[in-house]
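Okay, so here's the structure we're looking at.
Nothing in this text is a laboratory measurement; each read-out follows from the coordinates by a stated rule. Everything numeric in this text was worked out from a predicted model, so none of it was measured. Positions of Cβ are generated from backbone atoms using ideal geometry, with glycine treated the same way; all protein chains shown enter the neighbour counts.
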Amino acid sequence: MGTVTIGVSIAVPEPHGSLLQERRAGFGDAAAFSIPTHVTLLPPTEVDAAVLPAVEAHLTGVAAVGRPFPMRLSGTGTFRPLSPVVYVRVVQGAEDCALLQQRVRDASGPVARELQFPYHPHVTVAHGIDEAAMDRAFEELSGFEAEWPCTGFALYEQGPDEVWRKLREFTFGRSVVPPQAGSADVERGTIVSR
C-alpha cells in the first residue's frame, strides 16, 4: 500500500477560510490554494497507508472526550527569522488547541511524534515568499478578526499533486456550548484598517 502524508487540523470556517486563502495567494504564496486555511494539530506526517484505520480510530477517541470551545483570531505575528512564516494569531482557544494536539500526538497513539519547534497555534498566511511580500502580509492582515465555536477537527491527506484533501471530520463528543456560541459576533470576520 505504501506511505501517505497526513495532517490533522482545525479548519477556519467560511467566509474566513476562503478570504485568508485568497489573501495568501495575493501575497504570492504559490501553495495557497493547495492548503485549506487551518490551525495545525498534527503537522505533515508520513505514515504507512495500512495504519490509516488505526489513526481514524485514535482520532475518534480524541474527539469523543473533547468539547467545543471558542476560537478567536486577531492580528498578525511572524516566526521570522527562525522560520519564513507570517501568521494570523489565535488569541482565544490557543490552550484548547495545545491540549488537543498533545492528545493527537499521544505517545501511545499511532501518530506519536516529536515536533521540530514548540507548538504554537496559528493560521499561516504567508510562507517562504520574499521579505517584502511577508512584510505586506504582516501589515495588511494586522487588523484581521474572526471568531467561531470550534466543534471538532479533521484528518487530511496530501495528494501526489501536493494538494491537501479532507479525509474525515471528527466532531467533539461532549456538548458543552462555548460562551460565545449564538452571539451576533460569531459570524464576524473582517479586516479592519488601522
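Flag: A137 matches the condition of being touching a residue at least 60 places away in the same chain (Cβ under 8 Å), within 25 Å of Q21 (Cα to Cα) and part of a helix (DSSP H, G or I).
The test for being farther than 21 Å from I6 by Cα and surrounded by 19 or more Cβ atoms within 10 Å (Cβ to Cβ) does not hold for V111. Among the residues of region 89-115, write down those that are basic (K, R), over 12 Å from the mean Cα position of the chain (by Cα) and not in a helix (DSSP H, G or I). Those that are basic (K, R), over 12 Å from the mean Cα position of the chain (by Cα) and not in a helix (DSSP H, G or I): R105, R113. The set of residues in region 116-125 being of a type in the set (A, V, I, L, M, F, W, C) and under 14 Å from the mean Cα position of the chain (by Cα) consists of V123, V125.
State whether the residues of region 25-40 include one that is exposed (fewer than 15 other Cβ atoms within 10 Å of the Cβ), without any contact (Cβ under 8 Å) to a residue 40 or more places away in the chain and closer than 16 Å to A154 by Cβ. Checking region 25-40: not a single residue is exposed (fewer than 15 other Cβ atoms within 10 Å of the Cβ), without any contact (Cβ under 8 Å) to a residue 40 or more places away in the chain and closer than 16 Å to A154 by Cβ. Counting only residues that are of a type outside the set (A, V, I, L, M) and outside any strand (DSSP E or B), which one in region 140-158 is surrounded by the fewest Cβ atoms within 10 Å (Cβ to Cβ)? Only one residue tops the list, namely G143. So for region 59-68 (the condition being within 30 Å of A133 (Cβ to Cβ) and among the small types (G, A, S)), does at least one residue qualify? Within region 59-68, none of the residues are within 30 Å of A133 (Cβ to Cβ) and among the small types (G, A, S).
Of the residues making up region 4-26, just one is of a type in the set (D, E) and under 20 Å from F172 (Cβ atoms), namely E14.
For region 21-38, does any single residue satisfy the condition of being small (G, A, S) and within 26 Å of P70 (Cα to Cα)? Checked region 21-38: at least one residue is small (G, A, S) and within 26 Å of P70 (Cα to Cα). Scanning region 79-88 for residues that are in a strand (DSSP E or B) and either within 13 Å of the chain's Cα centre (by Cα) or loosely packed, with under 13 Cβ neighbours inside 10 Å (or both) yields Y87, V88. With surrounded by fewer than 16 Cβ atoms within 10 Å (Cβ to Cβ), over 30 Å from A137 (Cα atoms) and not acidic (D, E) as the only criterion, which of G66, G61 stands out? Answer to the selection: G61.
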